[in-house]
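Read the structure below first, then the notes.
Read the figures in this text as sums done on the coordinates, not as results from a lab. All of these numbers come straight from a predicted model, not from anything done at the bench. Cβ sites come from the backbone with ideal geometry, for glycine too, and all protein chains shown count toward neighbours.
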Amino acid sequence: MPKSGMWVDSQCSCCGDVLGRSVSRRHMLKVAGVASAALVLHPLVVCAEAEAEALVLSCIDPRVQEPVHKYLDERGLTGRYSHFVIAGAAIAVVSPVFFSWHKVFWDNLAISVRSNQVKKIIALDHRDCGAAKTAYSEAALATPAAETKTHQRVLAQFRKQVGERQPKLAVETGLMGLDGSIEMVS
């Protein structure tokens with residue numbers, strides 16, 4: 001047995017030259033640490049190479065989490081999309097009130113296109129949105145018709161900005177009711 005306390009067979013035909021050397025415990029711990037890190041980081045490497053059909057933009061509001069997932073499942077997109085969730089969805093991306101958030105979204109979209117080969121973006125705003133109330137006047141949201149018009153304007157501005165930054169992406173935009181119903185907005 002070598003000084004390191006590790007038993008090696010220098011007669012092994014595949015790795016005798018490596019095993020014939022004395023290996024310290026410290027070296028073995030380093031190797032084990034690197035191997036452990038590789039196992040922990042493996043899912044990140046896999047995700048970086050994964051393909052996603054779409055990037056979905058939706059709001060953080062807990063009332064719409066389940067309806068958004070149900071909608072995407074019904075479209076057959078489960079496991080085939082990246083999800084960017086931020087207060088206000090498209091409102092957060094275009095409203096001057098949330099200017100400091102804009103870069104975060106655009107950088108994430110660029111990474112999704114590059115790393116996950118995203119082909120389209122689906123932006124889902126929703127009714128009775130707190131971020132909309134922060135970004136726009138009460139009059140812009142006072143009635144269902146005014147609220148719809150405000151979201152239509154926001155989503156049109158969002159589509160335009162996506163077209164300027166990522167012209168190859170298809171863009172779908174919708175306004176979700178709190179009951180999960182979706183009104184596609186073009």
Run the quick spin-label model on Lys133 and Glu183: label points 7 Å from Cα toward the beta carbon, then report their separation in nm to one decimal.
1.9 nm
For the stretch 126-186 the trypsin sites (Lys or Arg not before Pro) that pass both the DSSP coil test and the at-most-13 other-Cβ-within-10 Å test are Lys168
As a quick test, which of the pairs Lys133/Lys168; Lys70/Lys103; Lys70/Lys120 have an alpha carbon distance above 23 angstrom in this structure?
Lys133/Lys168; Lys70/Lys103
Which shape class applies to the stretch 54-184: rounded if a/c is under 1.5, otherwise prolate when a/b exceeds b/c and oblate if not, where a ≥ b ≥ c are the square roots of the Cα gyration tensor eigenvalues?
oblate
